[in-house]
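Have a look at the structure below before the remarks.
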Amino acid sequence: MAIADLYPTSLRLLGRPVLVAGGGTVAARRAKALLDAGAQLTLVAPTLSAAARELADAGLLTWRARNYLSSDMDGVWYAVAATQDVELDAQVAADAQAQRIWCVNHSDAQESAAWTPAVATVEDIMVAVNAGGDPLRAAALRNAIAAALESGDLPLRRYRGTPHGPAHRESGLGRSGSVALVGGGPGAEDLITVRGRRLLAEADVVVADRLGPRGLLETLGQNVTVIEVGKTPGHHPVPQTEINAILVREALAGKRVVRLKGGDPFVLGRGGEEAIACRDAGVDVEVVPGVTSAVSVPAAAGIPVTHRGVAKAFTMISGHEELEHIPHGSDHTVVLLMGVGTLNRSMPLLAAAGRGSGCPVAIIENGYAKNQRVTIGTLGTIVELARTAQVRNPAVVIVGDVVRVSPLAPPELATAHYGTRETVSSVS
């Protein structure tokens with residue numbers, strides 16, 4: 001049999017009589033898959049393997065505890081010959097052929113009337129792979145395709161409704177809409193979660209921030225609607241109330257909506273407000289956590305927010321908030337988001353609150369992007385360094401002794417206690 005002789009199709013076996021001849025591990029594996037498809041299964045074998053006996057003992061199939069007889073083929077829609085006896089499997093296949101019943105012969109793949117593909121199921125997608133009679137090759141390809149589906153690297157967007165899906169509130173299009181608040185991480189396209197990437201690949205509408213993995217928008221199909229709602233500090237062209245309304249409106253129209261945000265939706269991202277708005281409108285909403293920039297962007301410069309013997313805790317806060325009550329001392333790391341515009345106020349406050357002007361500070365712009373830039377100084381010098389370097393948002397400000405751990409820390413900050421650094425500069 002050549003691969004060109006095959007006509008791929010899928011059988012609906014729900015409630016239909018199916019025969020498996022054999023009781024070994026292969027027969028048990030085929031029996032389990034057929035039962036999962038809803039077949040009315042009869043298994044013929046004098047003895048059963050442990051896996052096959054488990055199915056029989058559970059009452060999931062009919063077991064005829066004897067060798068195969070030609071009469072077992074009567075009334076069957078589909079058959080599997082897996083007795084591990086070449087001659088007996090050939091008889092099963094010949095009886096099936098005589099009655100025009102499709103049969104898989106596991107003893108002779110080349111002469112088998114049907115082949116069992118390697119199957120992967122991801123949500124409501126089923127992929128079957130035949131590889132010229134090479135089951136290991138087929139399984140390897142199946143696994144690779146399944147991984148690509150799980151990651152969203154393959155297109156998953158639906159083009160028809162899913163009437164057999166979960167019974168949620170029906171929309172005007174006759175199918176359920178939904179909203180996913182997806183944290184896209186600090187901006188690198190490969191730092192979004194697998195679940196977030198898959199939901200993005202399935203989306204009908206994407207409501208996008210200015211930050212996050214913007215490059216992924218270019219991978220979307222032409223029929224996907226992208227609605228830009230990005231904000232910059234002090235400039236919110238689309239108010240939050242309108243963003244909430246967009247999410248609800250598109251979901252109620254039957255769309256699968258992804259709200260693609262930078263970082264994590266629930267870390268200074270107003271995702272909580274969006275989730276409440278959706279729930280209040282009766283819209284299905286889920287939250288997909290993202291890698292928050294408060295932790296990941298410092299890591300891009302080799303700065304841990306906590307470090308053994310250096311800092312045991314950290315505070316993440318917006319640069320617009322009051323800083324007086326943050327725990328004192330440079331051994332407590334402070335991570336400021338959206339803090340570039342308030343450096344003139346925040347740095348003196350932190351210096352006066354027990355840290356002193358010599359406490360190390362790092363500012364990381366465009367974390368994980370090609371134009372990432374790191375500026376390192378102290379509470380006493382960072383304002384002038386940032387002005388000279390023309391530091392701009394998006395940026396994360398890290399205050400505390402953990403900055404000394406960075407391989408980019410200059411010699412005067414990378415003390416012997418933390419190890420010396422060969423490559424140093426205040427601005428890199």
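The values are calculated or read from the model by the stated rules, or taken from the named source; none is laboratory data. This structure is a prediction, so every number in the text was calculated from the model and none was measured. Counting neighbours? That spans all protein chains shown, and the Cβs are built from the backbone with ideal geometry, glycine included. Note: areas computed on protein heavy atoms with side chains; ligands, DNA, RNA excluded. Shrake-Rupley method; radii C 1.70, N 1.55, O 1.52, S 1.80 Å.
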Can you give me the C-alpha center-to-center distance between the stretch 44-91 and the stretch 230-303, rounded to a whole angstrom? 55
So, R0 is 56 Å and r is the distance between the beta-carbons of A245 and W102; what FRET efficiency does that work out to, to 0.05? 0.55
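Give me the 1.4 Å probe accessible area per residue for the chain, excluding ligands and nucleic acids, in Å².
Numbers: 21610 Å² over 428 residues.
On a per-residue basis, 50 Å².
Summarise the accessible area of the chain (1.4 Å probe, protein heavy atoms) by the percent that is carbon and sulfur. Can you show the working numbers first?
Values: 11590 of 21610 Å².
Accessible surface attributable to carbon and sulfur in the chain totals 54 percent.
Once Rh for the stretch 246-317 is found with the Kirkwood sum over Cα pairs, what is the Stokes-Einstein diffusion coefficient at 25 °C and 0.890 mPa s, in µm²/s? Don't skip to the answer; put the middle values down first.
On the way: Rh = 14.4 Å.
It comes out at roughly 171 µm²/s.
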Starting from the Cα gyration tensor of the stretch 231-353, take the square roots of the eigenvalues, sort them a ≥ b ≥ c, and report rounded, prolate or oblate (rounded when a/c is under 1.5, otherwise prolate if a/b is larger than b/c, else oblate). prolate
Under the 7 Å Cα-to-Cβ spin-label approximation, D36 and L14 lie apart by a distance in nanometres of 1.7
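Taking every pair of Cα atoms in the stretch 1-134, average 1/r, invert it to obtain the Kirkwood radius, and report Rg/Rh to two decimals.
Details: Rg = 14.2 Å, Rh = 15.0 Å.
Rounded to two decimals, Rg over Rh is 0.94.
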Expected field for R210, accessible surface area in Å² at 1.4 Å probe radius, rounded to 10, holds 90
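Run through the stretch 73-156 and list the trypsin sites (Lys or Arg not before Pro) located in a DSSP loop whose Cβ has at most 15 other Cβ atoms within 10 Å. It would help to have the intermediate numbers written out before the result.
Details: sites: R100, R137, R142; in loops: R100.
Answer in residue order: R100.
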D (Stokes-Einstein, µm²/s), Kirkwood Cα radius, the chain, 0.890 mPa s at 25 °C: 94
